[in-house]
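Here the structure is laid out as structure tokens; the discussion comes afterwards.
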Amino acid sequence: MERSLYQKALNRILTILAEFWLLILRIVGFIPSHLLRKFFYWLSGVKIPFNSTIHLKANFFKPSGITIGHDTIIGYGAFLDGRGGLTIGNHVDIATDVLIYTNEHNINTPDFGNAFAPVTIKDYVFIGPRAIILPGVTIGRGAVVAAGAVVTKDIPDLEVWGGVPAKKISDRKLKNPNYKLGRAMLFQ
């Protein structure tokens, strides 16, 4: 009994400390220096190479579950959820206010429990402003997600999807993407 109570108290303290660190990261998200923000994100476990960036006001759940590829730009106000595992490829452009979730509540269970599922975003993907990516989704190489779309299922390579829920709109005309995004804006 005492061990169980001790374990519950310890778990509660660790949860509070983790939540406090997420608050610190939210504050760090307002610092207008890519290098300083990136240092804190790296310290938190985000795997991000030097030539990728996360713009101002990013928010996180479980940063240690997030891996970002080379030459990738994460836009202003993005939300990245690493609880179920989030992998973002190379040369990916994620626009402003995009929300990426790897956890959702299971509304059909008595305890309203969590349902974790990884999200994978492959190379040369563009995700438009205010799009929402839900758990368990893979976005194929060179795919495009339109602004405001809600992605609930996998998107094949080189397809353009939009709407709520997102559906195929067209195919991408560029069949072999091979570009570099360039540097991020300095004070973003």
Looking at GLY128, GLY140, can you tell me which residue is over 15 Å from the mean Cα position of the chain (by Cα), of a type in the set (Gly, Ala, Ser) and over 22 Å from SER64 (Cβ atoms)? GLY140
Condition first: among the hydrophobic types (A, V, I, L, M, F, W, C), over 20 Å from THR72 (Cα atoms) and part of a loop (DSSP other than H, G, I, E, B). Now tell me which residues in the range 135-170 satisfy that. ALA149, VAL164, ALA166
Out of all the residues in the range 63-83, which are in a loop (DSSP other than H, G, I, E, B) and in contact with an Asp or Glu (Cβ under 9 Å, 6 or more places away or on another chain)? GLY69, THR72, GLY75, TYR76, GLY77, ALA78
Write out, first by first residue and then by second, each pair whose Cβ atoms fall under 8 Å of each other, whose residues are 6+ apart or on separate chains, and whose first residue, in the range 171-188, is in a loop (DSSP other than H, G, I, E, B) and open to solvent by less than 100 Å² (accessible area, probe 1.4 Å) while the second is at pLDDT 85 or above and of a type in the set (Lys, Arg). PRO177/ARG141
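Here's the yes/no breakdown for (1) out of contact with any Pro (no Cβ under 9 Å at 6 or more places or on another chain); (2) surrounded by 15 or more Cβ atoms within 10 Å (Cβ to Cβ):
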site: ILE24; (1), (2): yes, no
site: VAL46; (1), (2): no, yes
site: SER52; (1), (2): yes, yes
site: TYR76; (1), (2): yes, yes
site: GLY82; (1), (2): no, yes
site: VAL92; (1), (2): yes, yes
site: GLU104; (1), (2): no, yes
site: GLY113; (1), (2): yes, no
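The values are calculated or read from the model by the stated rules, or taken from the named source; none is laboratory data. Please read all numbers here as calculations on a predicted model, not as lab measurements. FYI the Cβ positions are ideal-geometry reconstructions off the backbone, even for glycines, and counts take in every protein chain you see. Heads up: the accessible areas ignore ligands, DNA and RNA and are worked out on the full protein's heavy atoms, side chains in. Shrake-Rupley method; radii C 1.70, N 1.55, O 1.52, S 1.80 Å.
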